[in-house]
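Read the structure below first, then the notes.
Just so you know, all these numbers are worked out from the coordinates, no wet-lab data involved. Owing to the predicted nature of the structure, the values given are computational and were not obtained by experimental measurement. Virtual Cβ from ideal backbone geometry, glycine too; neighbours counted across all protein chains shown.
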Amino acid sequence: MHLPDGFIDTRTALATAGAAALGLGYAARAVRRALPPRRVPLLGLVAATVFAAQMLNFPVAGGTSGHLVGGMLAAVLLGPSAGVLVIASVLIVQCLLFADGGLLALGANIFNMGIAGTAAAYGIYWVIRRVATGLEGQLAAAAFAAWCSVVLAAMAAAVELALSGTVPFGVVLPAMAGIHMLIGIGEAVITALVLASVAAARPELLRTGRESAEPTASGLIVYGLALAIGLALFTSPFASAWPDGLEKVTAALGFGATAGKPVVPAPFAGYAVPGIGSPAGATPLAGACGTVFMFFFAFLLARIVAPKEAGRRGTAGDP
């Protein structure tokens, strides 16, 4: 769902960049105010895991593939504001290092997947959690909100394409929403399974509204980062080669020619590695390196935004 440069016009790109900047500013203030210090390393770990998981495209109907967005997963574990920062961090690294999403469209992608696909979808999760109690209720709420997150992000992208005059609104909206309703099922299943695994292995990591002052165990971070690296190394070669939802819609509606070349060359464009000609070797290596970089990038961002003495009252962005 990463929009490349050229799909949206300058006016829409500027408008969405402004909206994304406002959303990120609010999220950063919320994280600075309320993110418990013990969860700062987790922000880096969740970002690295989401980055690695996004490399694995899973097949859906009609010769289309999808991949995890991860916004709801991050929001349930860390809070909606921290979840927005996680997705924004992932999108920034993907854009600048791997040319995955256009630089001029970065604001639109952050707005779509970070603001609409994470913050707005978390509101749906919060409402369901008022009536759905217990772990089963939490997993059901997270799964449904995760499905909504993919559909909301796709609909936002469709609106941007229509406002840019790339493709008529009445054509692109049902196309984008329809295919991403199917992809959203995979998002919902993965989100629920991961949260269920976390609940079984480390239940204290699920947000309960009562945060311990103890720091997150370093062993958990090392173990979690190793798992994320392994995910990038050993599962990315099995990613589906079918086009993703946006690529499928682009081909069906015939506006792929509007995509422009990257504004700034990315060192690992297309997840290639200089000197390694085989994608089977380059893609996992690029993914593993990107996962490590992603961890430190998001971790340092969290340390800057939420200094050690910050936040003793709860989790960032609690409604």
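Other residues lying with their Cβ under 13 Å from the Cβ of LEU182 contribute a combined charge of -1, Lys and Arg counting +1, Asp and Glu -1.
From least to most packed, judged by other beta carbons within 10 angstrom and beginning with the fewest, ILE115, ILE87, ILE124 follow the order ILE124, ILE115, ILE87.
Label-to-label distance for VAL131 and THR235 is 3.3 nm, based on points extended 7 Å past Cα in the beta-carbon direction.
Working from Cα positions, state the angle (0 to 90°, nearest 10) between the long axis of helix 169-201 and the longest principal axis of the chain. On a 0 to 90 degree scale, this one is about 30. Pairs of Cα atoms nearer than 8 Å and 6+ residues apart set the relative contact order; for the chain it is 36 percent. Relative to the longest principal axis of the chain, what angle (0 to 90°, nearest 10) does the C-alpha long axis of helix 10-34 take? Result, in degrees: 10.
Net charge of the neighbourhood of GLY101, taken over other residues with C-beta under 15 Å away and scored Lys/Arg +1, Asp/Glu -1, is -4.
Translational diffusion of the stretch 226-290 was estimated from the Stokes-Einstein equation, with Rh taken as the Kirkwood radius over Cα pairs; at 25 °C and 0.890 mPa s the coefficient is 179 µm²/s. Approximating the spin labels as points 7 Å out from Cα along Cα→Cβ, the ALA251-to-LEU227 distance works out to 3.4 nm.
If R0 is 25 Å, the Cβ-Cβ spacing of LEU220 and CYS289 corresponds to a FRET efficiency of close to 0.65.
For the chain, the longest principal axis of the Cα atoms and the long axis of helix 40-53 meet at an angle of about 30 degrees. Convex hull volume per residue, computed on the Cα atoms of the chain, equals 123 Å³. Suppose we look only past 19 Å in the calculated P(r) of the stretch 23-106. What percent of the Cα-Cα pairs does that tail hold? Cα-Cα pairs in the stretch 23-106 separated by more than 19 Å: 43 percent. Counted over all Cα-Cα pairs of the stretch 46-172, pairs farther apart than 18 Å make up 56 percent.
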